[in-house]
Amino acid sequence: MKRSVSLFLMVLMVHLSLIAAVVSQTSEPQVKAVEKAIEGVIIPAPVAPQPEKPKPKPIQPEPVKKPKPKPLKQKKAEAKKAVAKPKPAPVIPAPVAEASPKAVSAPEPVAQAVKSKAATKASEPEPQATPPVASANKALNKAPLYPTLSRRLKEQGTVYLQVLVLKNGKVGQLKLKQSSGFARLDQSALNAVRGWTYQPALKLGQPIDYWFVQPVVFNLNSIN
């Protein structure tokens with residue numbers, strides 16, 4: 001009996017809760033009224049009228065004062081002063097220059113003799129030097145070697161060397177003045193002449209150093 005009553009009450013409670021839930025869902029939700037915010041507008045303050053500045057007065061030019069005319073007496077006095085001649089300056093006597101003694105000149109025959117000697121020295125040509133001569137001794141001056149490749153290619157020509165022959169007949173310096181057109185021939189000539197011996201150049205019978213141009217000929221027809 002107690003169980004049936006308790007079960008009944010429980011069932012009743014469940015039904016009531018279900019009814020309450022249905023009623024709450026079906027009821028319309030209340031809408032909250034939202035008041036609109038009032039927006040304010042800033043009105044600028046009225047600008048006070050500024051007083052007008054006074055206009056500057058135009059500057060008037062000062063009147064030009066005309067010079068007063070001078071009286072006739074003053075004009076005549078000024079004219080007389082302008083016409084008056086200046087006083088002559090005192091004459092200062094110029095200093096008298098003292099007479100200097102005349103230079104003593106050489107007698108005419110001596111001066112002419114000195115001039116004639118100077119003229120003869122200027123007219124006489126300077127003694128020329130005899131150029132050096134290469135020694136004909138083949139043991140001292142060996143002929144340059146004819147390169148084998150140059151002979152095959154038929155290269156030939158003349159090499160001109162500039163030689164400084166010293167007082168003792170030896171070669172001091174050696175330069176290539178004009179090439180034969182083939183580097184092998186030029187080098188062979190330089191190698192040979194560098195060891196040659198010369199008879200030195202003479203001037204007034206004395207040996208001197210002398211620059212001399214030595215030609216070296218390479219000719220295929222002269223080769224045995």
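The values are calculated or read from the model by the stated rules, or taken from the named source; none is laboratory data. What you see is a predicted model; the values in this text were computed from it and never measured. When we count neighbours, we look across all protein chains shown, and the Cβ atoms used for this are built from the backbone with ideal geometry, even at glycine. Ligands, DNA and RNA are excluded from the accessible area calculation, which covers all protein heavy atoms including side chains. Shrake-Rupley method; radii C 1.70, N 1.55, O 1.52, S 1.80 Å.
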**Prompt:** For the stretch 145-224, what's the relative contact order in percent, using C-alpha pairs closer than 8 Å and at least 6 residues apart?
**Reply:** 40 percent
**Asked** When the accessible area of the stretch 177-224 is split by element with a 1.4 Å probe, what percent falls to carbon and sulfur?
**Response** 51 percent
**Asked** Length gain on complete extension for the stretch L204 to N137, per 0.36 nm per residue less the alpha carbon to alpha carbon distance?
**Response** 21.5 nm
**Request:** Tabulate in residue order the Karplus-calculated ³J(HN,Hα) for the stretch 210-215, using 6.51 cos²θ - 1.76 cosθ + 1.60 with θ = phi - 60°, rounded to whole Hz; enter x for Gly and Pro.
**Result:** 8, 7, 9, 9, 10, x
**Asked** Given a 1.4 Å probe, how much area per residue of the stretch 132-224 is accessible, in Å²?
**Response** 64 Å²
**Complete:** For K175 and A20, extending 7 Å from Cα along the Cα-Cβ vector and measuring point to point gives, in nm, a value of 13.5 nm
